[in-house]
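All of the numbers you see were taken from the coordinates with simple rules; none came from a lab. Since the structure is predicted, the reported quantities are computational estimates derived from the model, not experimental observations. Cβ sites come from the backbone with ideal geometry, for glycine too, and all protein chains shown count toward neighbours.
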Amino acid sequence: MVSHFKKVLTSSIVKKQLMGVTGLLLCGFLLSHMLGNCLMYLGPEAFNTYAYTLTSNKLIYVAEAGLLAIFFTHLGLAIRLTIENNIARPVKYYMKQNSGRGSNFASSTMPYTGLIVLIFIVLHLINFKYGPYYTQAYNNVEMRDLYRVMIEHFASPLNVLWYIFAVLSLGIHVSHGFWSAFQSIGFNHPKYNCILKCTSKAFAIFITLGFSAMPIYCFLQGGH
Amino acid sequence: MTVKKINGNVPQGDIKNIWEDHKFKSKLVNPSNKRKYNVIVVGTGLAGASAAATLAELGYHIKSFCIQDSPRRAHSIAAQGGINAAKNYPNDGDSIWRLFYDTVKGGDYRSREANVYRLASVANNIIDQAAAQGVPFARDYGGYLANRSFGGAQVSRTFYARGQTGQQLLLGAYSSLMKEVSKGKIELFTRREMIDLVLVNGKTRGIIVRNIITGEIERYAADAVLLCTGGYGNTYYLSTNAMASNASAAFRAYKKGAYFANPCFTQIHPTCIPVHGENQSKLTLMSESLRNDGRVWVPEAKGDKRPPNEIPDEERDYYLERIYPSFGNLVPRDVASRNAKNQIDAGKGVGVTGVAVYLDFRDAIKRDGVDTIKAKYGNLFDMYERITDENPYQVPMKIYPAVHYTMGGLWVDYNLMSNVPGLFVLGEANFSDHGANRLGASALMQGLADGYFVIPYTLGNYLATDKTHLDSVTTDQKEFEEAESIATEKIQTLLNINGSRTVDDFHKELGHIMWEHVGMSRNESGLKTAIEEIKKLRAEFWKDVKVTGMNENINLELEKANRVADFLELGELMARDALERKESAGGHFREESQTEENEAKRDDDNFCHVAAWEFNGVDTDPIRNIEELSFTNVALTQRSYK
Amino acid sequence: MRNNTVSMNLNLKIWRQKDGKDKGFIEDYRLDGVSPDMSFLEMLDMLNETLIREGKDPVAFDHDCREGICGMCSLMINGQSHGPEAETTTCQLHMRKFKNGDTIVIEPFRAKAFPVLKDLIVDRSAFDEIIAAGGYVSVNTGNAQDANTLPISKINAELSMDAAACIGCGACVASCKNASAMLFVSAKVSQLSLLPQGQIEAEARVQSMVNKMDELGFGNCTNEAECEASCPKGIDISNIARMNREYLTASVKSQE
């Protein structure tokens, strides 16, 4: 019984399926994170209150733990699969090129875009979650002024550019990953393939534009 | 030595019942004893794979050998058109009797009636077996099996899987083979080439093979050996056979005493892509279904070099329609091929080389529309365009006949056993079912019939009757020792000659001689010339061939040299058989024996028999033994397609 | 009409390796007078004839039917399995697809599961092992009922045939950057699971074939579809999706 599950979980197919499912869940997180952050356009109070409401709820620890688990599963599997895939071809080709009929830029750069996103996430956490702690009170409730952290951070054009670069990498990663997850789970149907591939691209563009707009907005705010 | 009258061991009785009776009278091997028997199966095409799988299912211990890296690659895989069976699903008047009748008649009365009847009667079971294995046969909208008419048959009895029927049937047989491999009932030996047969006390008890990877000579012992090694079309160098298709296994058996029957019966397929130049290595066949809609023609005028579309209708000669008004472009393969040759000999050949005729779809496209033609033949048109770089929707195809199949082969009796006890021969490698000409979609049928439904019974009977397995044979015995040392010596000789001509060079020259004199049309002086030229070429080969490398490694040149050495003897035997058969029959056309209308004329009084050649030393004339053929169920008539 | 008179001069960079233990290297050759009507393998034949005449060891490569169906020929040509043309095996690739003066790099298919035996010849018996693990219907000869007692919808018969067209050449593995055999395995799984006669063993089949594939050291699929793009028979990656789904459900459901 245990050996059955071990075999299933370590099979190439289920590893990919876990990769896909965790990827899709992370996509869900991205979407909610982006939509939530859009509250910044309403001003510091809305944004900070939103952040406060989220973080003051005890359930946040459960959610964070879950997110971490998903994230590390995705990351761990990515590392493992990449190593295994490398071993599967011990002697490399003298010359190798893609046919132009199969893989595309996004699909062939998944490990690299993934790595950029990983570095970005670490920096992102350092910059924001564990960044400067300013406080601000609204209606007598004291809370962290994340809005200010954001504005200060994106006053630097370098930070803005790096952020946009990372988010673009994320978008590229997601544009293949979203569709790929469905393929791994086994969803591939001639009637819906086009819709799915379009959705995958549309989602990636939406995420990329949505996240990129924020640092630009902050940068433009920063002068004031 | 004297000429023997040999007996096909056909049981007496009504042809409709003899196989059933024979099966009942055959001795059985006790189920628990079957595992004690070792059977060697050489070749993994339709016949070999189906035989190995079926015998393993019965419980025998099988050793299966193939030359390629995987049993799935045997050349049965290249058959396109389909497989016949008398299911009569289309309700168009087919029956076992009609399939039997058509096959005997199509073979121009040079096959063994009882074998053909058995073939026709088990054909239906093949379709059932293949469908059960998951062979994706074409279906109609109701989900039932589709049939098409093929090769001019008047009923639709051909089952097919797109243009890849051979592939699908072979993969079905291969999957059954691999099923038994996984159960340990079959030991698989890939990349092995059989280089000799081992007899102990006059019975077949093993083989010698060369391991293609390591060059090692290996010995294997068994209670019986099945040769399922295909035909010998590559004697002609250019043919539709695969590059590794060879006659060595069968020919070594011949040299160990097995009779070679009717070697001159070769089939030349009319619709192949013409030769493009000296470096051409093989010919590609296009399904003859193309002749259902394509019209064959040449320009009226000799040496007319205008592009085909600029030649008006009145200056074209649709020669098949003109000569054979009722069958037109659908005349049998041998007739279509020979007529193409006649046109080219008359100087009317087309294309750069002048060795081709047109197969034109212009009128069919006009009549049915491009889409209909595309749906029917799209894959063939694509293949043609890929090879020739010409678009057959716009320019007529150029075609020319090519060697495709060999009806002759090792002589076998009704039990598929050769005259050497314990040596069974299945599929194209034997001679029994197609006579002088094979009908389209019948090769697949025969290979699988032999393997799935005939050999399980007849081999059991042999093993149960013959008790030699009780004298245990080991590969240390002197017979194996001798065979191995002869093989090793031959390899060393080939490697040591270090002459100036490559193996392919010799093979090409042999091919030219064969095609010129033992091809579509043969005559006495040409055949005599061929025999002399081949003898000369053979002597030169053993003096001047250049084989590089060593034995202890993959050495493709050495493999080829070994095979060509055999082709150089077999070619002579083919010419000799053609010379002695002073009649025309099916694929064998002797110019001296033709009707006033230039059609093949049989001589039933003198040649209604099988010529079973017996080896008598390399440079000594072989002995032509005879098995008389009697036709009691299908009356002997002259074919006419006018 | 094409021009028959031109002949091409080529620079070839070919992988040479004495045997499985040898390290191997790329060797340069010059070949003149190649006709555009030759197939790629005939071009190599021509090179070999020249080498033999010079007393050198000819280049070993796998080939057999030379009409694109046996799956024996392989070769990475300029970094692509079976060369640049879509749905074309090496033996069906013609020299007219190259230009006079071109440099052509020729290497063996590479994967841990496909060890090189000599020069351009690799051992693909791993594919046979995968088929032996379950790529069949367990029907003994004589068991079958009349073929028409099992009607199969035309669409399923066609889809099954699409998958069954696989020639087992290994181009999918060779072109996949991960050396994954998913397309090959899924083609067989699909062919049989689309038919009622293959359904009986479908759960066990997909599990044992996938497990065998993993055990043999093929890589993991990353859904890039290079396999599909290089498949000489145009086998679709929807077969991979079907196998993914069947493996998952079989792993959950099957009682074995």
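Can you list residues whose amide H is under 5 Å from B:Val198's amide H, if they're 5+ apart or on another chain and H is modeled 1.01 Å from N?
Amide H to amide H, under 5 Å and 5 or more residues apart or across chains, B:Val198 pairs with B:Arg205, B:Gly206, B:Ile207, B:Ile208.
Can you list residues from other chains, or at least 5 along the same chain, whose modelled amide H is less than 5 Å from the amide H of B:Cys272?
Here B:Met286, B:Tyr400, B:Ala402 satisfy the definition.
Most exposed first by the Cβ proxy, i.e. fewest other Cβ within 10 Å, how do A:Tyr138, A:Tyr130, B:Tyr109 rank? Spell out each step's value before the answer.
Working: A:Tyr138 14, A:Tyr130 9, B:Tyr109 24.
Ascending Cβ contact count within 10 Å gives the list A:Tyr130, A:Tyr138, B:Tyr109.
On a 0 to 90° scale, report how tilted helix C:182-193 is relative to the longest principal axis of chain C, with both axes built from alpha carbons and the result rounded to the nearest 10.
40 degrees
For a test of the definition: using alpha carbon positions, the gyration tensor, and the 1.5 limit on a/c, classify the protein assembly as shown as rounded, prolate or oblate.
On the way: a/c = 2.08, a/b = 1.88, b/c = 1.10.
Verdict is prolate for the protein assembly as shown.
Out of C:Thr50, C:Thr88, C:Thr149, any idea which swings most in a Gaussian network model of chain C, alpha carbons joined below 10 Å?
For chain C, modelled as a Gaussian network with Cα springs under 10 Å, the answer is C:Thr149.
Using only the alpha carbons of region B:241-302, determine the length spanned along each of the three principal axes and report them from longest to shortest in whole angstroms.
52, 27, 26
Spelling out what I want: for every residue of region B:484-499, take phi, set θ = phi - 60°, compute 6.51 cos²θ - 1.76 cosθ + 1.60 (Karplus), and round to whole Hz; glycine and proline get x.
In residue order, the calculated couplings are 5, 5, 5, 5, 5, 4, 4, 4, 4, 4, 4, 5, 8, 4, 6, x Hz.
If you split all Cα-Cα distances of region B:481-604 into 10 Å bins from zero, what percentages do you get per bin, shortest first?
13, 36, 25, 17, 8, 2
What is the set of long-range amide H partners of C:Met8 at a cut-off below 5 Å, with H atoms built 1.01 Å from backbone N?
Here the answer is C:Gly33, C:Val34, C:Ser35, since their amide H atoms fall under 5 Å of that of C:Met8.
With +1 assigned to the C-beta of every Lys and Arg and -1 to the C-beta of every Asp and Glu, and no other charges, what is the dipole magnitude of chain C about the Cα centre in debye, to the nearest 20? Could the numbers behind the result be given before it?
Numbers: 26 positive and 35 negative charges, 71 e Å.
It works out to roughly 340 debye.
In Å, the Kirkwood hydrodynamic radius of chain B over pairs of distinct alpha carbons? Write down the numbers at each step before the final one.
Working: mean 1/r = 0.0400 Å⁻¹.
Computed over chain B, the radius equals 25.0 Å.
Put a dot 7 Å past each Cα toward the Cβ at A:Arg101 and A:Glu142; how far apart are the dots in nm?
Roughly 6.8 nm, to one decimal.
Evaluate region C:8-118: find the radius of gyration of its Cα atoms, find its Kirkwood radius, and give the ratio Rg to Rh. All intermediate terms of the calculation are to be shown ahead of the outcome.
Working: Rg = 13.5 Å, Rh = 14.4 Å.
Rounded to two decimals, Rg over Rh is 0.94.
So what is the calculated 222 nm ellipticity per residue for chain A, using -39500 (n - 2.57) for each DSSP H run with n of 4 or more, over all residues, to the nearest 500 deg cm²/dmol?
Numbers: 9 runs with 163 residues, N = 224.
Counting only the DSSP helices, I get -24500 deg cm²/dmol.
Which values, in whole Å and largest first, are the semi-axes of the equivalent ellipsoid of region C:56-119 obtained as the square root of 5 times each eigenvalue of the Cα gyration tensor?
Details: eigenvalues 71, 47, 32 Å².
For region C:56-119, the ellipsoid semi-axes come out as 19, 15, 13 Å.
Taking the dipole about the Cα centre of the protein assembly as shown, with the C-beta of Lys and Arg at +1 and of Asp and Glu at -1, give me whichever of A:Ala181, B:Gly231, B:Phe265 is farthest to the positive side.
Of the listed residues, the answer is A:Ala181.
How would chain C be classified by its alpha-carbon gyration tensor: rounded, prolate or oblate, with rounded meaning a/c under 1.5 and the a/b versus b/c comparison settling the rest? Could the numbers behind the result be given before it?
Working: a/c = 2.45, a/b = 1.91, b/c = 1.28.
It comes out prolate by the Cα gyration axes.
Step through the table entries A:Lys92/C:Lys18; B:Lys255/C:Lys18; B:Lys4/B:Lys508, compare each Cα-Cα distance with 29 Å, and write down the pairs that go over it.
Values: A:Lys92/C:Lys18 18 Å; B:Lys255/C:Lys18 35 Å; B:Lys4/B:Lys508 36 Å.
Over 29 Å Cα-Cα: B:Lys255/C:Lys18; B:Lys4/B:Lys508.
Just to confirm the number: angle between the C-alpha axis of helix C:154-164 and the first principal axis of chain C, 0 to 90 degrees, nearest 10?
Roughly 50 degrees between the two axes.
Calculated FRET efficiency, B:Lys490 and B:Arg367, Cβ-Cβ r, R0 35 Å, to nearest 0.05?
Details: r = 59 Å, r/R0 = 1.69.
My answer for the efficiency is 0.05.
Per DSSP helix of 4 or more residues, -39500 (n - 2.57); summed, then divided by the residues of chain B. What does that give at 222 nm, rounded to the nearest 500?
Values: 18 runs with 229 residues, N = 642.
Helix-only estimate at 222 nm: -11000 deg cm²/dmol.
Say R0 is 45 Å: what FRET efficiency, to the nearest 0.05, do A:Tyr61 and C:Gln255 get from their beta-carbon distance? Could the numbers behind the result be given before it?
On the way: r = 40 Å, r/R0 = 0.89.
Computed FRET efficiency for A:Tyr61 and C:Gln255: 0.65.
So what's the angle, to the nearest 10 degrees on a 0 to 90 scale, between helix C:202-215 and the longest Cα principal axis of chain C?
Taking the Cα atoms of chain C, the angle to C:202-215 is about 40 degrees.
Return the single residue from C:Leu51, C:Leu194, C:Leu150 with maximal mean-square fluctuation; model: Gaussian network over chain C, springs between Cα atoms under 10 Å.
C:Leu150
Averaged over peptide B:159-166, how many Cβ atoms belonging to another chain are found within 10 Å of each residue's Cβ? Mind showing how you got there, number by number?
Values: counts 1, 0, 5, 5, 1, 6, 0, 1.
Per-residue shielding by partner chains comes out at 2.
Tally the DSSP beta bridges in chain B and give the antiparallel ones as a percent, rounded to 5. Numbers along the way, then the final one.
Working: 44 of 65 bridges.
Once the DSSP bridges in chain B are tallied, antiparallel ones form about 70 percent.
In sequence order, what are the phi-derived ³J(HN,Hα) couplings for region C:85-95 according to the Karplus relation 6.51 cos²θ - 1.76 cosθ + 1.60 with θ = phi - 60°, rounded to whole Hz, with x for glycine and proline?
Per-residue couplings from phi come out as 7, 6, 6, 9, 7, 4, 5, 9, 7, 10, 5 Hz.
Order the peptides B:413-422, C:216-225, B:64-73, C:246-255 from the highest to the lowest mean number of other Cβ atoms within 10 Å of their residues.
Details: B:413-422: 22.3, C:216-225: 24.2, B:64-73: 27.0, C:246-255: 15.5.
Top to bottom by mean Cβ count within 10 Å: B:64-73, C:216-225, B:413-422, C:246-255.
Grab the beta carbon distance between B:Asn17 and C:Ser153, set R0 = 45 Å, and tell me the FRET efficiency rounded to 0.05.
Values: r = 40 Å, r/R0 = 0.89.
Plugging the Cβ-Cβ distance into 1/(1 + (r/R0)^6) gives 0.65.
For region C:125-253, what does the alpha-carbon gyration tensor say about shape, rounded, prolate or oblate, given a ≥ b ≥ c as the root eigenvalues, a/c under 1.5 as rounded, and a/b over b/c as prolate? Present the calculation step by step, with values, prior to reporting the outcome.
Working: a/c = 1.80, a/b = 1.50, b/c = 1.20.
Here region C:125-253 falls in the prolate category.
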